[in-house]
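A short write-up of the structure that comes next.
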Amino acid sequence: LSLYGRMYPWSKWRKHAALWKVDSLRTYLPDTAKLTPRKLLQFLEKYPVVFLKPCFGGGGRGIMKLTMRSGKVRVHTHTDRYEVAIDQIYSHMIRKIGKKSYILQQGIDLMDLQGRQLDFRVVLLKPGKKWRYMGVMGKWAPSGQIVTNHCRGGSSIGLSQALKSSLKLEELRQHELDAELREMGYRIAAALEASFPLITELGLDIGIDRSQRLWLIEANTRPQYNLFKDHADAGLYPQIQSVVRRLRQTRKR
Ligand SMILES: Nc1ncnc2c1ncn2[C@@H]1O[C@H](COP(=O)(O)OP(=O)(O)O)[C@@H](O)[C@H]1O
Ligand SMILES: [Mg+2]
């Protein structure tokens, strides 16, 4: 792998596999597999909702949500909703995605607000020897969409606002979850670094489900930080920017 490839591992599958090796982190990982005919049927039998995601890619592109409904598979994409017979589903998907590699993932029953699901972006940076937890911001899906990505029209929302409005949590519990996100962030950073020693930036997509359980949806090693322009702490975005600028400059030398 090139230096660039080692600094920014892209494969969702490889990153999942690296984290799965750490027993104590498995509780945060949704069941994930490479797409095969057998796994697709297994997942559809086992989980009420299954996500299909391109192994390489971002910005919510190419993501599909599958749900079983009276013996048929309901497919929900960025633009369409339709049904496919279960015995046709794999060949249908292959026609749709061609040769691209895809992963399957257990759907997380994300918390929502006004019927639009929410998840969170946690940022950690490594300017020196240690990871630094920078902060967290909520991402709120547009109505009718299956992804919360900013470039797909998702909006930003503060953590405590999200927890208060969606799950009706009181302040004490909000602080507990905030602390848990931070702790989870550090542990994931350490585990990823063990497999990908050159990473210095992390944008973790973390979902909180309706029973307040935390799930890692994906780990980005070259994230966008625009979301943090809306953070309640106005100084945070410039701070992130300056650390990231330094990190990326050091890389070039
Ligand atoms: N397993 C899942 N359960 C529920 N929602 C998901 C799941 N996987 C992805 N999503 C939704 O889709 C968004 C994009 O998925 P993600 O894995 O982050 O891919 P991308 O690299 O395109 O951002 C997530 O932020 C989340 O809103
Ligand atoms: Mg993402």
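Worth a mention:
- Qualifying residue in the range 236-243 (condition: within 16 Å of ligand 1 (Cβ to nearest atom) and without any contact (Cβ under 8 Å) to a residue 12 or more places away in the chain): no
- Close Cβ contacts (under 7 Å, 6 or more residues apart or on different chains) running from residues in the range 43-71 that are of a type in the set (A, V, I, L, M, F, W, C) to residues that are more than 7 Å from ligand 1 (Cβ to nearest atom) and in a loop (DSSP other than H, G, I, E, B) comprise Leu52/Leu35; Cys55/Ser11; Cys55/Ser101; Phe56/Trp10; Phe56/Ser11; Met64/Thr77.
- Residue within the range 136-154 that is more than 16 Å from the chain's Cα centre (by Cα), away from ligand 2 (no atom under 16 Å from the Cβ) and either hydrophobic (A, V, I, L, M, F, W, C) or under 30 Å from Met7 (Cα atoms) (or both) present: no
- Long-range neighbours under 7 Å by Cβ, at least six apart or interchain, first residue charged (D, E, K, R) within the range 126-144, second within 14 Å of ligand 2 (Cβ to nearest atom) and in a loop (DSSP other than H, G, I, E, B): Lys139/Thr148; Lys139/Gly154
- Matching residues in the range 1-53 - criterion: being closer than 23 Å to Gly98 by Cα, surrounded by 15 or more Cβ atoms within 10 Å (Cβ to Cβ) and among the hydroxyl-bearing types (Ser, Thr, Tyr): Thr32
- First in the range 196-217 and in contact (Cβ under 8 Å) with a residue 24 or more places away in the chain, second anywhere and more than 15 Å from ligand 1 (Cβ to nearest atom) and assigned to a strand (DSSP E or B), Cβ under 6 Å, 6 or more apart: Glu201/Leu125; Leu202/Leu124
- Against the test of being touching a helix residue (DSSP H, G or I) at 6+ places or on another chain (Cβ under 9 Å), away from ligand 1 (no atom under 13 Å from the Cβ), within 15 Å of Leu25 (Cα to Cα) and among the small types (Gly, Ala, Ser), the options Ala194, Ala219 yield a single qualifying residue, Ala194.
- Qualifying positions in the range 179-211 - acidic (Asp, Glu) and more than 24 Å from Gly128 (Cα to Cα): Asp209
- Picking from residues in the range 57-98 that are near ligand 1 (Cβ under 9 Å from one of its atoms) and on the phi < 0 side of the Ramachandran plot, the one that is surrounded by the most Cβ atoms within 10 Å (Cβ to Cβ) is Ile63.
- Residue in the range 198-208 that is outside any strand (DSSP E or B) and more than 22 Å from Arg26 (Cα to Cα) present: yes
- Residue match in the range 174-182 (condition: within 16 Å of ligand 1 (Cβ to nearest atom) and of a type outside the set (Gly, Ala, Ser)): yes
- Residues that are surrounded by 15 or more Cβ atoms within 10 Å (Cβ to Cβ) and either of a type outside the set (Val, Ile, Thr) or touching a Gly at 6+ places or on another chain (Cβ under 6 Å) (or both) within the range 191-205 comprise Ala191, Leu192, Glu193, Ser195, Phe196, Leu198, Glu201, Leu202, Gly203, Leu204, Asp205, listed in sequence order.
- Residue check, Leu124 assigned to a strand (DSSP E or B), within 16 Å of ligand 2 (Cβ to nearest atom) and surrounded by 14 or more Cβ atoms within 10 Å (Cβ to Cβ): yes
Taken together, the values in this text are just the output of simple stated rules run on the coordinates, not laboratory data. Predicted model only: the values in this text are computed from it and were never measured. Here Cβ is always computed from backbone atoms with ideal geometry, including for glycine, and neighbour counts include all displayed protein chains.
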